[in-house]
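Asks: First, the structure itself, so that you have it in front of you.
Every number in this text was worked out from the coordinates using simple rules, so none of it is lab data. Note that this is a predicted model, so its numbers are computed, not measured. Note that we place each Cβ from the backbone using ideal geometry, even for glycine, and neighbour counts take in every protein chain shown.
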Amino acid sequence: MHFQSVTFDLDGTLLDTIADLAEGCRLMLEEVGAPPRSQAEVHSFVGKGMAVLVERCLTHAQPPTADQLHAAIESFKRHYAVINGRSAQIYPGVLEGLQAWQASGLKMGVVTNKPGMFTETLLDRMGMTDYFDVIVSGDTTAHKKPHPEPILHACRILGVRPDRNLHIGDSKNDIHAAHAAGCLAYAVPYGYNEGEPVDSADCDALVSDLLVAYQQALTFKDLKNK
């Protein structure tokens, strides 16, 4: 296979976590006395990390003040820590895909914008931690996706050149981060994409699930070395 490693986005790619995120936002908004948000709204707010999610929940006619945002973030942390993983679901094809990638001998990693205090706990609760050789969270590096640094950081730890890493995600944040890092990017059509569904023109392959992604990667040809 052309690839030596594969990195995955977490929320919206491996796991459907929207019910937990929406409940955390509901409890946070109730605590700080802000108007509620629907699950559909929260769905459209997910993608650039916890702070942006909270800020989007609070923003109506104008954005929250710094003090309001800080208080709301601390509230969300408390509530989400309790419910993180409670209603999360593994997307169809994910376990089969991870098992196929693992059997191939490729190194695997998670690169997510979710804060580290939630990432490993969630993977542990879902029984998925042992699949991965590296976990890069939203606060592991100075930047979050769509900046390339989180993916480059994962590649350094894995000891793999970026052009030999495949990144799989559910949004343009993942595609832009991967391409900026020098990786190929596959995208799944489900998940959380900030209201901008990914198109096949945006990525190197649009795949229905992770098992299909594995099968697609098997057929990838390294044209430079032919």
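Asks: How many angstrom lie between the Cα centre of the stretch 81-119 and the Cα centre of the stretch 29-74?
Replies: Cα centroid of the stretch 81-119 versus Cα centroid of the stretch 29-74: 25 Å apart.
Asks: Calculate the FRET efficiency for Glu30 and Thr219 from the Cβ-Cβ distance with a Förster distance of 41 Å, rounded to the nearest 0.05.
Replies: Plugging the Cβ-Cβ distance into 1/(1 + (r/R0)^6) gives 0.25.
Asks: Sticking with this one: Pick out, from Ala181, Trp101, His2, the residue whose Cα sits farthest towards the positive end of the charge dipole of the chain, with +1 on the Cβ of Lys and Arg and -1 on the Cβ of Asp and Glu.
Replies: Value: His2.
Asks: What helices in the chain pass both tests, a Cα length along the helix axis of 24 Å or more and a mean Kyte hydropathy of -1.0 or higher, using whole DSSP H runs?
Replies: The qualifying helices are 66-83.
Asks: Among 60-67, 174-181, 107-114, how do they line up by average Cβ neighbours within 10 Å per residue, starting with the highest?
Replies: 107-114, 174-181, 60-67
Asks: Given 20 °C and 1.002 mPa s, how large is the Stokes-Einstein diffusion coefficient of the stretch 1-79 in µm²/s, with Rh as the Kirkwood radius over Cα pairs?
Replies: Working: Rh = 13.5 Å.
For these conditions, the coefficient is 159 µm²/s.
Asks: Could I ask something else about it? Quick one: which residues, 5 or more positions from Gly12 or on another chain, have an amide H under 5 Å from its amide H? H modelled 1.01 Å from N in the peptide plane, none for Pro or chain starts.
Replies: Distant-sequence amide H within range of Gly12: Thr17.
Asks: Expressed as a fraction of 2.2 N^0.38 Å, the rule-of-thumb size for a compact globular protein of N residues, what is the C-alpha radius of gyration of the stretch 107-226?
Replies: The reported ratio for this selection is 1.03.
Asks: What does the highest-first list of 3-14, 46-57 look like by mean Cβ count within 10 Å?
Replies: Details: 3-14: 25.2, 46-57: 21.7.
Final packing ranking: 3-14, 46-57.
Asks: If you count, for each residue, the other Cβ atoms within 10 Å and average over each peptide, how do 20-26, 212-218 line up from highest to lowest?
Replies: Details: 20-26: 22.9, 212-218: 18.4.
The packing order, highest mean first, is 20-26, 212-218.
Asks: Another one. So if the hydrodynamic radius of the chain is defined as the Kirkwood radius over C-alpha pairs, what does Stokes-Einstein give as its diffusion coefficient at 4 °C and 1.567 mPa s, in µm² per second?
Replies: D, rounded to a whole number, is 73 µm²/s.
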